[in-house]
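One structure below.
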Amino acid sequence: MTKSMKAFQVLIIAGLQIVSLARVAGSEVKVIANSSVTTDFISMAELRRIYLLQTRKLKDGSVVEPVLQKRGSLHDAFSRQFLDRDSEEIRTYYHGVVFTGKGSMPREVNSDEEMVSYVAHTRGAIGYVSGSANTDGVKVLAVAPESSRGERILLKRVEPEYPKELQHRGIEGTVRLSLTVSAKGSVQSVQVIGGNPILAEAAEKAVREWIYSPSATTSTIEVSIQFAVRP
Amino acid sequence: MPRWILAVLWLCLAQVGIAQDFKVANRTVQVHGFFSQGFVYTDRNNWLTMNTSQGSGAMTDTGLNMSSQLTDKFRVGAQVYDRNLGQLGQWHPSLDWAVADYRLADWIGIRAGKVKTTLGLYNDSQDLEFLHVFALLPQGVYPADLRDATIAHAGGDVYGSVTLGRRWGDLAYTAYVGHRSDSIYSGYPYLLRQWSAYLTDMGGLQYGGDLRWNTPLRRFLVGVSRMNQDISAQGTSVIPWDASRGLQPYFESSRQDWTHQFYAQYEISRFSFDAEYRRYLRDQLILNASSANITDMRAWYVSGTCRISKKLKLGSYYSHYTITDVYGGKLSQLGEPNLTDTSQPRNHIYDKVISARLDLNRYWDLKIEGHFMDGYAKTGYPAGFYPQENPTGFNRNTHALVLRTGFHF
């Protein structure tokens, strides 16, 4: 492979990962949590239930406290993207809860810096900041988008390295793998179902780094990876 | 305190973005409040105990609450509410709600104290005009003059929600029992005054439940509520067949008193649609148990709202209300007529409404609303039109213009 081809391949792989992250976390909003929150992932539905004050616990049992940014484009984007409502509807919803005695308004902060500081120092706090914010001291949660059919969604995909020898010889093929994915989303084990053993080894190495959306139970997922020499 | 001073005070508080929380013993206490002022003009019948045919601004209410989340599971709070609606309320403040809320888990929590009653989509938020597009909610289901009858109970709720899974949505429930206590400045005691009956105390047992299903269809909710009551009232009255003796002790009590309500709500994009049906049956022994009065109310409405822009929302609803009134015992023997023909204007109110809401800023809204009403539902139970304000009788149709503005923080 020429240097330019290699660079092109790296760019493609990097691009796939960036798209994946952008789709998950949103291009403008990062969801952050205090380090006491054990999970690294949260589903969109779970995040919505927390912000609509319907639950104070994550599936892993951690107690969380939602924190809001005061009005502005970031709050608008978060409301639309993650809560499925515009920011005025969210405000009306909170007022309905507060003025009927059925809940309290989440804490509001004025800026990304204040949000990061509060979340970093408050056990169980969960909030959101703009994509460019410095998130030192807090963890950034991956948010799994909802799937209408309930299947697990691939959040992080790493492309396999095409073995050079096979690529030079023009040997192509499809590898079929069975993945056991933990409840948290990591790939626990890989079983080769079919395909060229050398290609399968490369594919297996890559898929072990894949991350899926969290779920209540372990899942088994079949994937096919195609190796094709580009013209 | 004059209303205009209150209005200015609240406007100032809202505009400066009043500090909404403070600390006590290292706990955050949140403070929220609201104020609303309305003006109603009707072309014919006077409405809601105001002299609306002259134009009336006797429509003011206000509330202030404080609450604090003491632990992950335990929260306390209280709200004071005061209103003046024509002859109702008359600036006698009341404890609107005061709760200690312990949420053990998502599926179960307990609220105790004075708790707002969950009944249909909006019973517990009917006073909070800033939550709604409409200046007045559909009066057949949420009558402003009868808020005391359903608004709260002193007792407790058990509540919770269960996630049924991605395919089935969520289910939320509330079950409650407590004591309802009506102000003597509410609609029913006021109506009785036309017959020289003056209540000094009214209330009783209230219990029921609500079950609502957030269906898997995105933002589509359906639910059902049921409320049972055992209500008594006492005071003094002129007994019709013994009027020469003047005022005598009076009491009345329930034989049956129940409400059920079915509802649905669907929100999509900038549109929201509601539909509710309520039936209220009341079988009351009146005039010291010498007579009975069976009142059967059925009401439903459909409404739609549309968000035109961030500041402007439009809405419309049709509210359909019918009532029958049947007498037994001595009143019946004396010839009190039964009112059972719901096609008559004295047995129904059909109200077509159009409304616009303008949010001047995040604290301040302004509404303008038109009502086109057929009927006046004048029976032995209140429905917005009172003989005291309409001494010369009722016209079949009433058109109303309602202006309302509110501040909240």
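Every number here is computed from the coordinates shown, using simple stated rules; none is lab data. A quick note: this is a predicted structure, and the numbers were derived from the prediction, not measured. Positions of Cβ are backbone-derived with ideal geometry, glycine not excepted, and every protein chain shown enters the neighbour counts.
Setting aside same-chain residues fewer than 8 positions from A:Lys164, which lysines have a Cα under 21 Å from its Cα?
Within the straight-line cut-off, A:Lys164 pairs with A:Lys3, A:Lys6, A:Lys205.
Considering the dipole of chain A built from charges on the beta carbon (Lys and Arg +1, Asp and Glu -1) around the Cα centre, which of A:Met105, A:Ala203, A:Gly124 is farthest to its positive end?
A:Ala203
State the Cα centre-to-centre distance between the range B:217-273 and the range B:153-209 in whole Å.
The range B:217-273 and the range B:153-209 have Cα centres spaced 9 Å from each other.
Strictly over 19 Å apart at the Cα level, which of A:Lys139/B:Lys73; A:Lys70/B:Lys313; B:Lys116/B:Lys313; A:Lys59/A:Lys184; A:Lys59/B:Lys73; A:Lys30/B:Lys311 would you flag in this model?
Numbers: A:Lys139/B:Lys73 25 Å; A:Lys70/B:Lys313 23 Å; B:Lys116/B:Lys313 27 Å; A:Lys59/A:Lys184 10 Å; A:Lys59/B:Lys73 17 Å; A:Lys30/B:Lys311 28 Å.
Too far apart for the 19 Å limit: A:Lys139/B:Lys73; A:Lys70/B:Lys313; B:Lys116/B:Lys313; A:Lys30/B:Lys311.
Just to be sure I understand the model, the point goes 7 Å from the Cα along the line to the Cβ. What's the resulting A:His168 to B:Leu401 distance in nm?
9.0
For chain B, with a Gaussian network of springs between Cα atoms less than 10 Å apart, report the residue from B:Gln388, B:Gln126, B:Gln333 with the top mean-square fluctuation.
So, out of B:Gln388, B:Gln126, B:Gln333, the one fluctuating most is B:Gln333.
Over the whole of A:102-110, what's the average partner chain Cβ count within 10 Å per residue? Rounded to a whole number, please.
Working: counts 16, 6, 12, 6, 1, 4, 2, 0, 0.
Whole-number average of other-chain Cβ neighbours for A:102-110 is 5.
Taking just the alpha carbons, could you work out the radius of gyration and Dmax for the range B:68-226, both in angstroms?
When restricted to Cα atoms, the range B:68-226 yields Rg and Dmax of 17.4, 59 Å.
Which whole-angstrom value gives the distance between the alpha carbon centres of the range A:78-96 and the range B:287-303?
39
Please say if the protein assembly as shown is rounded, prolate or oblate, where rounded means a/c under 1.5 for a ≥ b ≥ c the square roots of the C-alpha gyration tensor eigenvalues, and otherwise the choice is prolate for a/b larger than b/c and oblate otherwise? Mind showing how you got there, number by number?
Values: a/c = 2.62, a/b = 2.39, b/c = 1.10.
Prolate shape, in that a/c is at least 1.5 and a/b is the bigger ratio.
Quick one: order A:Lys70, A:Lys139 by neighbouring beta-carbon count within 10 Å, fewest to most. Please list the in-between numbers first.
Working: A:Lys70 12, A:Lys139 18.
Placing the least packed residue first, the sequence is A:Lys70, A:Lys139.
For B:Lys114, which lysines qualify as cross-link partners when the Cα separation must be under 16 Å and same-chain residues fewer than eight apart are set aside?
B:Lys114 reaches A:Lys102.
Quick one: dipole size for chain B, taken about the Cα centre, charges +1 on Lys/Arg Cβ and -1 on Asp/Glu Cβ, in debye to the nearest 20. Display every interim value, and only then the final one.
Working: 40 positive and 36 negative charges, 222 e Å.
Charge dipole of chain B: 1060 debye, to the nearest 20.
Run the reach check for B:Lys330 against lysines, Cα to Cα strictly under 24 Å, same-chain hits fewer than 8 apart removed. What comes back?
B:Lys378
Kindly provide the helix-only [θ] at 222 nm of the protein assembly as shown, computed as the sum of -39,500 (n - 2.57) over DSSP H runs of four or more divided by all residues, to the nearest 500 deg cm²/dmol? Walk me through the numbers on the way to the answer.
Values: 11 runs with 109 residues, N = 640.
Mean residue ellipticity, 222 nm, calculated: -5000 deg cm²/dmol.
Could you put B:Ser303, B:Ser161, B:Ser269 in order, starting from the residue whose Cβ has the fewest other Cβ atoms within 10 Å?
Details: B:Ser303 23, B:Ser161 19, B:Ser269 8.
Listed from fewest to most nearby Cβ atoms, that is B:Ser269, B:Ser161, B:Ser303.
Would you kindly calculate the translational diffusion coefficient of the range A:21-144, applying Stokes-Einstein with the Kirkwood radius from alpha carbon pairs, for 37 °C and a viscosity of 0.692 mPa s, and quote it in µm² s⁻¹ without decimals? Working shown, then result.
On the way: Rh = 14.3 Å.
This corresponds to a translational diffusion coefficient of 230 µm²/s.
Describe numerically, in nm with one decimal, the distance between label points set 7 Å from Cα along Cα→Cβ at B:Ile268 and at A:Ser35.
The answer from the label model is 4.9 nm.
Using Cβ counts within 10 Å as a stand-in for footprinting exposure, how do B:Leu136, A:Leu155 rank, fewest first?
Details: B:Leu136 28, A:Leu155 22.
Taking fewest neighbouring Cβ atoms as first place, the list is A:Leu155, B:Leu136.
For B:Gln54, project a label point 7 Å along Cα to C-beta. Then give me every residue of the range B:375-391 with its amide nitrogen under 19 Å of that point.
B:385-391
Calculate the length of the line joining the C-alpha centroid of the range A:158-231 to that of the range B:309-362, in whole Å.
67
If I build a Gaussian network model for chain B, linking alpha-carbon pairs within less than 10 angstrom, which residue out of B:Ala289, B:Ala299, B:Ala264 has the largest mean-square fluctuation?
Maximum fluctuation in the GNM of chain B, among the listed residues, is at B:Ala289.
What's the local net charge at B:Ser232, with K and R +1, D and E -1, over the other residues with C-beta under 12 Å away? Mind dumping the intermediate values first?
Working: positive: B:Arg180, B:Arg255; negative: B:Asp182, B:Asp201, B:Asp230, B:Glu252, B:Asp257.
With Lys, Arg at +1 and Asp, Glu at -1, the neighbours total -3.
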